[in-house]
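What follows is a short report on a single structure.
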Amino acid sequence: MFKYILLIGKNLRRNLLRTTLTALGTMVLVLVVTLVWSVLYLLDGVMAEKGANLKAIVTERWQVPSQMPFAYARTLGEGAARNAGDVRPQDSMTWQFFGGSLEPNKRTREDLVFAFGMEPKKLATMMDDLDNLPAGQSQQLQANIRLMEEKRQAILIGRQRLAEVNKRVGERIKLYGVNFREIDLEFDIIGSLPPGRYDQFAVMNRDYLNEALDNYPRTHAGKKHPMADKSLNLVWVRVPDREQFSRVADQIARSPLYSDPAVKCETASSGIAAFLDAYRDLIWGLRWLLSPAILVTLSLVISNAISISVRERRLEMAVLKVLGFRPGQLLILVLGEALLIGISAGLLSAGATYFVVNKWLGGVALPIGFFPVFFIPVNALWWGVGIGTVTSLSGSIMPALSAGTVKVSDVFSKVA
């Protein structure tokens, strides 16, 4: 076996330019497939149903975006439990969306900040990806949560959004309401959100927004703000299993407290899937058109390179047959060359992609729904090996078979 490997290595070194170009082509295509599959991997993960520690989302039934009275918040957070035998969620949180601009008459991307209004303490217990942070980031988040609870005007902004609006931690900003017209709020930037999923967003204390809505009639002749009775967008609740979720959902559906407007309760995965329905065609195209097309292209690239190599070495194949090499051994040599290129290039490309995207670039900026940044999962390492193996085998099987069927008499007759 070791002799085979040495011979395969020597054969690849004969034409370093072709070998290098084939490897580079493989690496580029593996890079593209890895990026596409990373996006699909995350989306599949958030839309997958869980059997335990479920998060459910309560929204307005008949309208998108959901707009509910904030009066719903307390009872929905308790799962609409009213009787002694009713189920109460383990935890809950509310979301109120506040979009503001740094300039009163400008609505450009460079001036907009989109914030989630919520109870600060829920950041560490209910927000996806923030409840299992590394020790250092978790301690910093807890410190920021305490500041937000003490100071309603505090705000946390994602690092990328901070850079794009050209602001820094410690500065004071004023946001002019976009969806809450005439609700203009001043904030002290006390820190940034942990890097990753929330790089483009901000978090504020919900009490600050609700206080501004309550004070609005005092400066507007007693007239309530148009959003005063529909400022609550989402309520998240956590339950231990599907049986408890079904009971909470039934309690909410039967409750007379939520008639105007009516609400619905669904698992977080179902809610996210419905939200991503607008991207259905894009996701389908990535999964069933782009990915297969890239894999076929990669197989053709390897097939073309190996075919050229076999045609150039027909005389060598004939000599090897004369020396006693069997067709199966020639088949192994050719397949080995393709596999060595494919596996090595695939692993190197996937490893480099994982390191550069996650450690250097801080994720792939591809804003789909509430997922502005995508990271490469560690599974990408075996994706690269698998892609290299499958495409190199499929692309080299025909050239390898032709090498094994070389006829010694035909080759030497042409030489003569």
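Data for the structure
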| read-out | value |
| --- | --- |
| Qualifying residue in the range 272-283 (condition: at pLDDT 90 or above and crowded, with 18+ Cβ neighbours inside 10 Å) | no |
| Residues that are of a type in the set (Asp, Glu) and at pLDDT 85 or above, drawn from the range 307-347 | Glu337 |
| Hey, Gly79 touching a strand residue (DSSP E or B) at 6+ places or on another chain (Cβ under 8 Å), of a type in the set (Gly, Ala, Ser), modelled with pLDDT under 90 and under 24 Å from Arg247 (Cβ atoms) or not | no |
| Helices (runs of 4 or more DSSP H) enclosed by the range 275-361 - at least 3 residues per element that are farther than 20 Å from Leu40 by Cα and of a type in the set (D, E, K, R) | 314-322 |
| Scope the range 9-54; condition under 28 Å from Leu333 (Cα atoms) and at pLDDT below 80; matching residues | Gly9, Lys10, Asn11 |
| Close pairs (9 angstrom Cβ cut-off, 6 or more residues apart or separate chains): assigned by TED's automatic domain parsing to the domain that holds Ser396 and closer than 17 Å to Thr20 by Cα in the range 302-314, charged (D, E, K, R) and assigned to a helix (DSSP H, G or I) anywhere | Ala305/Arg18; Ile306/Glu337; Ile308/Arg18; Ser309/Arg14; Ser309/Arg18; Ser309/Glu337 |
| Any hit, the range 119-128, residues being buried (at least 16 other Cβ atoms within 10 Å of the Cβ), modelled with pLDDT of 95 or more and touching a Phe, Trp or Tyr at 6+ places or on another chain (Cβ under 6 Å) | no |
| Condition check for Val364: in contact with a strand residue (DSSP E or B) (Cβ under 6 Å, 6 or more places away or on another chain), surrounded by fewer than 18 Cβ atoms within 10 Å (Cβ to Cβ) and closer than 30 Å to Tyr198 by Cβ | yes |
| Lone qualifier among Lys122, Lys106, Lys55 - being farther than 20 Å from Ser259 by Cβ, touching an Asp or Glu at 6+ places or on another chain (Cβ under 9 Å) and not in a strand (DSSP E or B) | Lys122 |
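The values are calculated or read from the model by the stated rules, or taken from the named source; none is laboratory data. Being a predicted model, the structure only gives us computed values, none of them experimental. Reconstructed Cβ throughout: ideal geometry from the backbone, glycine too, with neighbour counts over all protein chains shown.
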